[in-house]
Amino acid sequence: MTTLETLSPLALDGEGLTLADVRRVAVDHQPVALTPRSREAMDRSRAYVAKLLEEDRVVYGITTGFGYFKNRRIPQDAVEALQHNLLRSHAAGVGTALPTDVVRAMLLLRANALAKGYSGVRPLVVDLLVELINRRVHPQIPSQGSVGASGDLAPLSHLALVLIGEGFAELDGEILPGAVALERAGLEPIQLSAKEGLALINGTQAMAGIGSLVLEQARNLAKLADIACSMTLEATLGSNRAYLDFFHQVRPHPGQMTSARNLMRLTEGSGLIASHAGCDRVQDAYSLRCAPQVHGASRDALEYATRVFEIELNAATDNPLIFPDHDEVLTGGHFHGQPLALAMDFTAIALAEFASISERRTERLVNAAYSNGLPMFLAEEGGLNSGYMIIQYTAASLVSENKVLSHPACVDSIPTSAGQEDHVSMGTTSARKARTVLANVEHVLAVEFLCAAQGLDFRQPLKPGAGAHAAHKAIRRRVDHLSTDRYAREDIDRMVAMIRDGSLLQAVEAALGPLE
């Protein structure tokens, strides 16, 4: 893994963050740093907050309560207590803690949003968020409890508690009280001032953090789905003529054309396909012949979701927002997670389809009625050995689970805050579901890769196209041919590891050049 010492800091200014940046900070532990421009912007908006306090104006969340208590005036001497009470009362999440990569993504995205300079916080607040990232102090954030409007209030409150020395955080593998974690990392808690507690928790950073990591991995899964299909096509003696470019020009959906080009490149120069040229099989099953159309539709959905997230990564999402140049404090709804909720529900559906069609291809590999000469369940000495019979069950189970998880969360609004917040997005639920679907797809593709590699073993000495051949060789470096039954879970785990660490995709792209 890339280490802290080998990466220069990522500059945060609230403008240029990408999905790849999120992954580098969240997974590869790239450090981050604020730019002078962001400090100037924060200083300017903070000075305006100070002016509001000096003039004793009535401003939501600064000199009033929150939500239903919007009309309850808070005296000047209680403004700081208001911010601390907000964090404590809103830290009401339940369930298992979010994983470290998601927590790091949340810290990054919250820091970047505040760095835009529309939130009225002092730079020292964002400095501490940055130090939590760089010193790997990871707040413990329960995964459940956000309705995805007024922002991810509960998750972000658990994150923000650590800044004031409360809550809990993980440091060097140990779960510690927030104050202890800060002290061990050489940091000190801060005393929040007016607006700062609200600015820390009003935003979409839980759903955005989860979703950014899902989308970054989903790009690779789209390529891997094409690779898996190419191997299955070759192993079952299919044809690649349905992938010809001029054929797809007459229905030019972008994702479809991309997938077809990939499949053509992966199978190019195949001795296996050449070996049955002119056979009497007129056309392949949909799971092979229509792969560009199915994979491509999912690709297009992921492109839509990516565009939404690229905007959100660099958005100001708290409420109210400070506009010193306009002499305005505006209360609105940038915290509402609906854009991300729709995108994540769409992402879950798109990912689920990669698994759905993959499992059908696996069935064609393990069922001798469809595989054009491969042994039943790809077993040697079938009967004594069950071969890959049951891993197809595993894939089928995960595909069915994905059907449940693909029900949109965003259509199920429920009012909160005594009717003041009467439409919510459930976007964090959408993102959490999408992450689970992603993991299921990784396992379903792993099953297809194992079966396709076994099928190609039986076709030797004939070789598939260069891309499928490179994938086959890479798999066989990690997972042996299944000659007799063995512990199946270990094979699946090794295959999933190759998907997640990028080694399978790297092996194919080393042979072919980058896939689209």
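Here is a list: VAL121, VAL103. Which entry is in contact with a Pro (Cβ under 7 Å, 6 or more places away or on another chain), surrounded by 24 or more Cβ atoms within 10 Å (Cβ to Cβ), at negative phi and not assigned by TED's automatic domain parsing to the domain that holds ALA315?
VAL103
List every residue pair whose Cβ atoms sit under 8 Å apart, with the two residues 6 or more apart in sequence or on different chains, where the first one lies in segment 55-80 and is without any contact (Cβ under 8 Å) to a residue 40 or more places away in the chain and closer than 16 Å to PRO320 by Cα and the second, anywhere, is outside any helix (DSSP H, G or I) and of a type in the set (D, E, K, R).
The qualifying pairs are VAL58/ARG73; THR64/ARG72; THR64/ARG73; GLY65/ARG72.
With the requirement that a residue be closer than 15 Å to LEU378 by Cβ and either in contact with a Pro (Cβ under 7 Å, 6 or more places away or on another chain) or of a type in the set (D, E, K, R) (or both), what does segment 438-457 give you?
Within segment 438-457, GLU448, LEU456, ASP457 meet the criteria.
When you scan segment 476-496, do you find a residue that is in the same structural domain as ALA225 (by TED's automatic domain parsing), under 23 Å from SER298 (Cα atoms) and of a type in the set (A, V, I, L, M, F, W, C), even just one?
So far as segment 476-496 goes, yes, one or more of its residues are in the same structural domain as ALA225 (by TED's automatic domain parsing), under 23 Å from SER298 (Cα atoms) and of a type in the set (A, V, I, L, M, F, W, C).
Just checking, which of PHE346, PHE335 is touching a residue at least 24 places away in the same chain (Cβ under 8 Å), under 19 Å from LEU438 (Cα atoms) and out of contact with any Leu (no Cβ under 7 Å at 6 or more places or on another chain)?
After applying the criteria, what remains is PHE346.
Out of the residues in segment 44-69 that are of a type outside the set (A, V, I, L, M, F, W, C) and either surrounded by fewer than 13 Cβ atoms within 10 Å (Cβ to Cβ) or not assigned by TED's automatic domain parsing to the domain that holds LEU198 (or both), state the one that is modelled with the highest pLDDT.
LYS51
From the residues in segment 317-352 that are hydrophobic (A, V, I, L, M, F, W, C) and in contact with a strand residue (DSSP E or B) (Cβ under 9 Å, 6 or more places away or on another chain), which one is nearest to ALA225 (Cα to Cα)?
Among those residues, the one meeting the criterion is LEU321.
With the checklist (1) assigned by TED's automatic domain parsing to the domain that holds GLN76; (2) surrounded by fewer than 24 Cβ atoms within 10 Å (Cβ to Cβ); (3) at pLDDT 95 or above; (4) out of contact with any Ser or Thr (no Cβ under 9 Å at 6 or more places or on another chain) in hand, flag the one item GLN217 doesn't pass.
If we test GLN217 against (1) assigned by TED's automatic domain parsing to the domain that holds GLN76; (2) surrounded by fewer than 24 Cβ atoms within 10 Å (Cβ to Cβ); (3) at pLDDT 95 or above; (4) out of contact with any Ser or Thr (no Cβ under 9 Å at 6 or more places or on another chain), just (1) comes out false.
What about SER150, is it surrounded by fewer than 23 Cβ atoms within 10 Å (Cβ to Cβ), modelled with pLDDT under 95, polar (S, T, N, Q) and within 27 Å of PHE323 (Cβ to Cβ)?
Taking the combined requirement at face value, the residue does not satisfy it.
Restrict the check to segment 436-453 and report whether at least one residue is buried (at least 17 other Cβ atoms within 10 Å of the Cβ) and not in a helix (DSSP H, G or I).
No, the conditions are met nowhere in segment 436-453.
With respect to ASP77, determine if the residue is surrounded by fewer than 23 Cβ atoms within 10 Å (Cβ to Cβ), of a type in the set (Asp, Glu) and in contact with a helix residue (DSSP H, G or I) (Cβ under 9 Å, 6 or more places away or on another chain).
no
Sort out which residues of segment 383-435 are of a type in the set (Asp, Glu) and assigned to a helix (DSSP H, G or I), and write them in order of number.
GLU401
Which number in (1) on the phi > 0 side of the Ramachandran plot; (2) free of Cβ contacts under 8 Å to residues at least 12 places away in the same chain; (3) touching a helix residue (DSSP H, G or I) at 6+ places or on another chain (Cβ under 8 Å); (4) not hydrophobic (A, V, I, L, M, F, W, C) marks the one condition that GLY269 misses?
If we test GLY269 against (1) on the phi > 0 side of the Ramachandran plot; (2) free of Cβ contacts under 8 Å to residues at least 12 places away in the same chain; (3) touching a helix residue (DSSP H, G or I) at 6+ places or on another chain (Cβ under 8 Å); (4) not hydrophobic (A, V, I, L, M, F, W, C), just (2) comes out false.
Determine whether GLY203 is in a loop (DSSP other than H, G, I, E, B) and within 22 Å of the chain's Cα centre (by Cα).
Yes; evaluated as a whole, the condition is true for this residue.
When ILE322 is evaluated against the numbered criteria (1) within 25 Å of ARG360 (Cβ to Cβ); (2) surrounded by 16 or more Cβ atoms within 10 Å (Cβ to Cβ); (3) more than 21 Å from the chain's Cα centre (by Cα), which criterion, by number, is the only one it fails?
Answer for ILE322: the failing condition is (1).
ARG72: more than 18 Å from ASP152 (Cα to Cα), out of contact with any helix residue (DSSP H, G or I) (no Cβ under 9 Å at 6 or more places or on another chain) and outside the structural domain of ARG435 (by TED's automatic domain parsing), yes or no?
So ARG72 fits the description; yes.
Against the condition modelled with pLDDT under 95 and within 24 Å of the chain's Cα centre (by Cα), how does GLY173 come out, does it pass?
no
Against the definition (modelled with pLDDT of 95 or more and either surrounded by 21 or more Cβ atoms within 10 Å (Cβ to Cβ) or closer than 19 Å to GLY209 by Cβ (or both)), how does PHE335 come out, yes or no?
So PHE335 fails the test.
The values are calculated or read from the model by the stated rules, or taken from the named source; none is laboratory data. The model shown is predicted, which means the values in this text are computed figures rather than measured ones. Heads up, the Cβs are rebuilt from the backbone with ideal geometry, glycines too, and the neighbour counts pull from every protein chain shown.
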